[in-house]
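Asker: If you scroll down you'll find the structure; I have some questions about it.
We did not get these values from a lab; they are worked out from the coordinates using the rules stated. Computed from a prediction, not measured in an experiment: that's the story for all the values here. All Cβ positions, glycine included, derive from the backbone under ideal geometry; neighbour counts span all protein chains shown.
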Ligand code: FAD
Ligand code: NA7
């Protein structure tokens, strides 16, 4: 089909989406080139092939979360008879383990592209014509033509430019996971899932952690759950300043960072504190500037995202997938943004390649994507938050079932709170199971929420039930696996409207 071009397909960006689409297209016998290049972070951090997820996202994040869980687990271990002494955490050893694993994955991806017969070019690519990609590496430029182009450049963290010292001194998720020495006493700015996950594991690893929250926790997620996660983190000793944003960050003569926090509403100063590190997680921006979209006539939104319909841009032969795209997702008669998650980018890419090169017709469904937040106590959800359900259907049509409880093993071990200056006492029951149901559709479950250990694993399974349209009565018929946390979803009896306490005794 494309004898006049060097390649059938050029993919710009070798992250979750780009790698998946390139390999899938090659599996259909297409000639594919993939460009990937990592621009160093403002702090100078660089990494290898595979994009955000493998290098500075999901993978190192989950491993550090696991490192944190091991600390809590060691407390339980003592109660169950293990002689573990007084464990201390060594940040450098953890980073070495994490980075060794990441490097192994980088290598595996490189081999994977080779065996899939995808041509991999390590260089910064941009469109220099509708079918032409120019790639720059160490000042040398090469030109490549392709019948089709897929843009999968992902996003990068943004640090606001109106806070003096922030851009100069702050770390982001691009830096944290490969930091060779412990960040020490840390101020986290932002309250997104990335902010709370990182604050959570840093605290679990024993660091002094403060979070400056501009407004709410976990915008976009169920707010009852968000507040619960915040409470648990407080019990673990994370300090929250709220509502607050930094107004300036200054380096002191001994190399520390002095941060002035102001009330985000009134602008009045609330505190001045000195930290070893300031970590910003105030959102991400699609990495689409300077890639020649205008040269090829590709439309881009003011926020940098590329609007797509079925992954196609406004230019017929140019497509885009993953975090750099804006998809108008219609779900429950309402418009939503596409979730920025690895499996979403992968699936969108694989389905696209099958449609382009194997006559498949299946489109990507961006709705009802299950997701998990890996805070010290984990959270998984699929579908609507309680407030979104009420916003869409009205309070009268929504019933919520709730059950709060503790995990058997942790209750037996008497896990303790460790807030500084307070006496240690038992951690309150941290788990919460929650089903948001639509009354007018026979109590169809439109929101599944679980707070507790292994939330990712549990939510992945139940996500299928939600996708298949399960009703509350189906959950009632389900026989539990005992003893487990997930069995809490079978036959939940307490409704929000009853006003009865939903927290289990003891
Ligand atoms: P990316 O993976 O970002 O890949 C884009 C690639 O393109 C990068 O390698 C980039 O360097 C390269 N590139 C950019 N411009 C150019 C250019 N001009 N030329 C050549 N190459 C270029 N998702 C989950 O599902 N679960 C999680 O637990 C999770 N945790 C996360 C934690 C953190 C801290 C972060 C930051 C993200 C997390 N995510 C998680 C989100 C997930 O990482 C992204 O959704 C996913 O990586 C998006 O894939 P992508 O292919 O769109 O882009
Ligand atoms: P999000 O989800 O966009 O969240 C950004 C967070 O940072 C949020 O808590 C914001 O508070 C806060 N924020 C934003 N700007 C500022 C400034 N200037 N100062 C202080 N705090 C600020 O970002 P993520 O990077 O975690 O996630 C990126 C995407 O990945 C996200 O869209 C998910 O779908 C997946 P706010 O609530 O707005 O007051």
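Asker: Just want the ordering: 269, 350, from fewest to most Cβ atoms lying within 10 Å of their own Cβ.
Answerer: Taking fewest neighbouring Cβ atoms as first place, the list is 269, 350.
Asker: So what's the gap between the Cα centers of region 420-456 and region 383-411, to the nearest angstrom?
Answerer: The distance from the Cα centre of region 420-456 to that of region 383-411 comes to 7 Å.
Asker: Moving on to the next point. Tell me the relative contact order for region 155-298 as a rounded percent, counting alpha carbon contacts under 8 Å between residues six or more apart. Kindly include the intermediate steps, with their values, before the conclusion.
Answerer: On the way: 265 pairs, mean separation 48.3, N = 144.
Once normalised by length, the contact order is 34 percent.
Asker: Same structure again: When a/c reaches 1.5 or more, the comparison of a/b and b/c decides; with that in mind, is region 346-492 rounded, prolate or oblate per its Cα gyration tensor?
Answerer: Numbers: a/c = 2.14, a/b = 1.56, b/c = 1.37.
Prolate, since a/c reaches 1.5 and a/b exceeds b/c.
Asker: Shifting gears a bit: Express in nm, to one decimal, how much length is gained between residue 258 and residue 396 on full extension, taking 0.36 nm for each residue of separation and deducting their alpha carbon distance. Can you show the working numbers first?
Answerer: On the way: separation 138, 0.36 × 138 = 49.68 nm, distance 5.00 nm.
Contour length minus Cα-Cα distance gives 44.7 nm.
Asker: Give me the tail of P(r) for region 407-452 as a percent: Cα-Cα pairs with distance above 18 Å.
Answerer: The answer is 52 percent, as a whole percent.
Asker: Is it possible to state the helix-based mean residue ellipticity at 222 nm for the chain, with each DSSP H run of 4+ residues giving -39500 (n - 2.57), the sum divided by total residues, to the nearest 500 deg cm²/dmol? What is it?
Answerer: On the way: 13 runs with 147 residues, N = 506.
Here the helix-only value at 222 nm equals -9000 deg cm²/dmol.
Asker: Would you kindly calculate the translational diffusion coefficient of region 28-101, applying Stokes-Einstein with the Kirkwood radius from alpha carbon pairs, for 4 °C and a viscosity of 1.567 mPa s, and quote it in µm² s⁻¹ without decimals?
Answerer: The Stokes-Einstein estimate is 84 µm²/s.
Asker: Could you give the distance between the Cα centres of region 243-296 and region 179-229, to the whole Å?
Answerer: Taking the Cα centre of region 179-229 as reference, the centre of region 243-296 is 14 Å away.
Asker: Mind checking the full-extension length gain between residue 167 and residue 115? Use 0.36 nm per residue of separation minus the Cα-Cα distance, one decimal, nm.
Answerer: 14.6 nm
Asker: Take residue 231, project a point 7 Å from its Cα along the Cβ direction, then tell me which residues of region 471-506 have their backbone nitrogen under 18 Å from it.
Answerer: Within reach of a label on residue 231, which here means backbone N under 18 Å from a point 7 Å along Cα→Cβ, region 471-506 contributes 494-506.
Asker: Once the piece of chain linking residue 96 and residue 457 is laid out straight, how much longer is it, given 0.36 nm per residue of separation minus the C-alpha distance between them?
Answerer: 127.3 nm
Asker: Still on this structure, please answer the following. Going from the alpha-carbon gyration tensor of region 179-335, what semi-axes, largest first and in whole Å, does one get by taking the root of 5 times each eigenvalue?
Answerer: Over the Cα atoms of region 179-335, the semi-axes work out to 36, 20, 15 Å.
Asker: With each label point set 7 Å from Cα along the Cα-Cβ vector, what nm distance links residue 142 and residue 505?
Answerer: So the label points at residue 142 and residue 505 sit 7.3 nm apart.
Asker: What is the fewest-to-most order of 91, 336 by other Cβ atoms lying within 10 Å of their Cβ?
Answerer: Details: 91 19, 336 16.
Arranged by neighbour count, lowest to highest, 91, 336 become 336, 91.
Asker: Is the shape of region 44-169 best called rounded, prolate or oblate, per the rule: a/c under 1.5 gives rounded, else a/b larger than b/c gives prolate, else oblate, with a ≥ b ≥ c the square roots of the Cα gyration tensor eigenvalues?
Answerer: prolate
Asker: Working only with C-alpha atoms, what are the Rg and Dmax values of the chain, expressed in angstrom?
Answerer: So, for the chain, Rg and Dmax equal 24.0, 74 Å respectively.
Asker: Which whole-number percentage describes the relative contact order of the chain, with Cα contacts under 8 Å and a sequence gap of 6 or more?
Answerer: 14
Asker: Next up: Report relative contact order for region 48-157 in percent, whole number only (criteria: Cα-Cα under 8 Å, sequence separation at least 6).
Answerer: 21 percent.
Asker: For region 274-364, what does the convex hull of the Cα positions come to per residue, in cubic angstrom?
Answerer: On the way: hull volume 14.4 nm³, N = 91.
It comes to 158 Å³ per residue, whole-number rounded.
Asker: How would you classify region 4-66 from its alpha-carbon gyration tensor, with a ≥ b ≥ c the square roots of the eigenvalues: rounded for a/c under 1.5, else prolate if a/b is greater than b/c, otherwise oblate?
Answerer: oblate
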